[in-house]
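Student: Submitted below is the structure of interest, expressed as structure tokens.
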Amino acid sequence: SLEDIQALEQGTRSLEQVLSEVGAALEKKDAQTQHALELCRQLRADRPSWDSLQPERYLFWNPSFSTQLPPVQDASDTLGSRCPWRRYFARSLDLGVYGLLWAAVQLLVLRWNPDPNVLVRLLERYIGYALMLGVEPLLLCTLGTTPGKGLFGLEVRDGNGRKLSFRSAFRRTWGVFCQGMGCGVPIYQLYRNYKSYRACERGEALSWEAETAYRIQDDRAVRCLGYVAAEAAVFALLLVLTAQAFLPIHRGTLTPEQYADNVNDMSRFLQLDSDERMEADGTWRDGAPHGGVVIDLWDSGPTPAHQLTVTDGQVTGVRIEIERSGVQLIGSYTVQKQLAAIALCAAQKSYNGISWMKSGVLDAIAEQGFADYTLQAGDVTITQSVEQRGYLDGTEFLFAQEGAAPYLHLVFTLEKTS
């Protein structure tokens, strides 16, 4: 260059230095030219058309290290980055599946049924993200796809068309979580989703895909219908799972200990305001240091025992009897009656979660209040008889009449008929 000639004339650089730099530049240019020439030959040998060209096939190919290219796929294969919406909805479905897995553990294993406040919702979201970071790399390194990606015909491969190693798959998923999803931070996540969508739409390689490439089998519209059906299936399974969680933990014929376990478990699961636990004889033991706590806030007096009828070691009946006099306000003991119905009636194997909810037994018990009635729940007959005077009946409560001597005698029974 003119600058090099001037430096040589002024003696600030030696001819050896200049020639060394020029030689290195020429060698680099020659290597680039040779690589381009080899790639051009390979492209001509593959004889692709413009529509069937697979850029990811040649993206990381270097003839100095590998002369074996991955096989040419069908012409329907195109670069997956051209399908940002498919990728977004595929991940949405995957997150739904991870959420379903967590719901199964939460409701059926841990028996945790928290109030759906903001903090709980946020915790559940991040548990879903944790499952994504653990499960997705395993799926990518073994199957090369995930449920959502597979539904849309998407596969993830390395530069040579092979499945990712677990390390590469985890690095990719971690990049998606941090960069593509903004670490799940509300509002910021929407911003990162938008930026990723724009980059995808322009055909740019996203930061977490430096070592990977998408492959899509086809873009048939039926896959979109499949996505809608899959989301509906996830929602339906979640409903079934939730319904199953409201069944007692012991089913079929019950020993007194199992009946008590059913009552105690459902009391915890429903987060009833009580520190009491039922013993195997149906009586209540208070575990709180401040004395007895009644499960139903408006009930007066101690929590009524569940008097068990036991035949050949199995519970065949339950009786709850309440007798009160002179009490100004009495609740209907609905919670106790419903706990008994769940523990015994819902334990019948003829019920599943959905059929038990549809039976309406618990609603009927609540609606009847202090009335006399008989209900049938499978093979269990539910009866209630009430004698009361001096009260005004408000369905859920009895209000003592002024100047009266109020009295209540309520008997609630469950009896197996076979």
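The values are calculated or read from the model by the stated rules, or taken from the named source; none is laboratory data. Model, not experiment: these values are computed from the prediction. Cβ: placed from backbone, ideal geometry, glycine included. Neighbour counts: every protein chain shown. The area values use the complete protein model at the heavy-atom level, side chains included, leaving out ligands, DNA and RNA. Shrake-Rupley method; radii C 1.70, N 1.55, O 1.52, S 1.80 Å.
Student: Within the stretch 100-111, which residues are open to solvent by 30 Å² or more (accessible area, probe 1.4 Å) and either charged (D, E, K, R) or in contact (Cβ under 8 Å) with a residue 24 or more places away in the chain (or both)?
Tutor: Of everything in the stretch 100-111, those that are open to solvent by 30 Å² or more (accessible area, probe 1.4 Å) and either charged (D, E, K, R) or in contact (Cβ under 8 Å) with a residue 24 or more places away in the chain (or both) turn out to be L100, L101, W102, A104, L108, R111.
Student: Within the stretch 191-239, how many residues are open to solvent by 70 Å² or more (accessible area, probe 1.4 Å) and of a type in the set (F, W, Y)?
Tutor: Looking only at that region, the number is 3.
Student: Considering each residue of the stretch 358-383, count those that are closer than 19 Å to V315 by Cα and among the polar types (S, T, N, Q), and give that number.
Tutor: 3
Student: Is it fair to say E136 is among the acidic types (D, E), part of a helix (DSSP H, G or I) and open to solvent by 40 Å² or more (accessible area, probe 1.4 Å)?
Tutor: Taking the combined requirement at face value, the residue does not satisfy it.
Student: Sticking with this structure for a sec: Restrict the check to the stretch 147-157 and report whether at least one residue is in a loop (DSSP other than H, G, I, E, B), touching a helix residue (DSSP H, G or I) at 6+ places or on another chain (Cβ under 7 Å) and not basic (K, R).
Tutor: Yes - at least one qualifying residue is present in the stretch 147-157.
Student: Would the stretch 188-200 turn up any residue that is within 30 Å of L122 (Cα to Cα), at pLDDT below 95 and assigned to a loop (DSSP other than H, G, I, E, B)?
Tutor: No, the stretch 188-200 has no match at all.
Student: Now for a different question. Kindly indicate whether S76 is loosely packed, with under 15 Cβ neighbours inside 10 Å, polar (S, T, N, Q), at pLDDT below 95 and under 26 Å from Y214 (Cα atoms).
Tutor: Answer is yes for this residue.
Student: Do we find a residue being touching a Leu at 6+ places or on another chain (Cβ under 8 Å), open to solvent by less than 60 Å² (accessible area, probe 1.4 Å), β-branched (V, I, T) and modelled with pLDDT of 95 or more anywhere in the stretch 298-317?
Tutor: yes
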